[in-house]
Amino acid sequence: MKSERNKTISTTLTGNIGLNFYVELSVDAINDAETYVQFTYADKVVKVPMAEAVAAPEQGENVYRFTCELTAKNM
C-alpha cells in the first residue's frame, strides 16, 4: 500500500489502553479490503485492518482512526 498521510495520534483509556492513529486515506485505500495499519512495538507486530477502522470526519475528509490496544508497560 502507498504511504498515506498521518493526521494525528491520541490514546484511549477505557477498559483497555489504545493508541489511536488517525490517517487520511485515498478513496482507493478506503475501498481496498486489504488496507491496514501496521503497529510494531516490543518485538510485536499488530495489523489493524480497514474493517476495524472508524471514520473520523472531525479530523478531516477521508480520515480514519486505527486503534492498537497496548498494555501500560508498552506505552
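The values are calculated or read from the model by the stated rules, or taken from the named source; none is laboratory data. Please read these numbers as outputs of a predicted model, since none were measured by experiment. So basically every Cβ, Gly included, is an ideal-geometry build from the backbone, and we count neighbours across all protein chains shown.
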Reported set for region 43-75 where residues are within 15 Å of ALA29 (Cβ to Cβ) and not in a strand (DSSP E or B) is MET50, ALA51, GLU52, ALA53, ALA56, GLY60, GLU61, ASN62
Cβ pairs under 6 Å, 6+ apart or interchain, first in region 9-27 and within 18 Å of VAL46 (Cβ to Cβ) and at pLDDT below 70, second polar (S, T, N, Q) and surrounded by fewer than 17 Cβ atoms within 10 Å (Cβ to Cβ), ordered by first then second residue, are THR12/ASN20
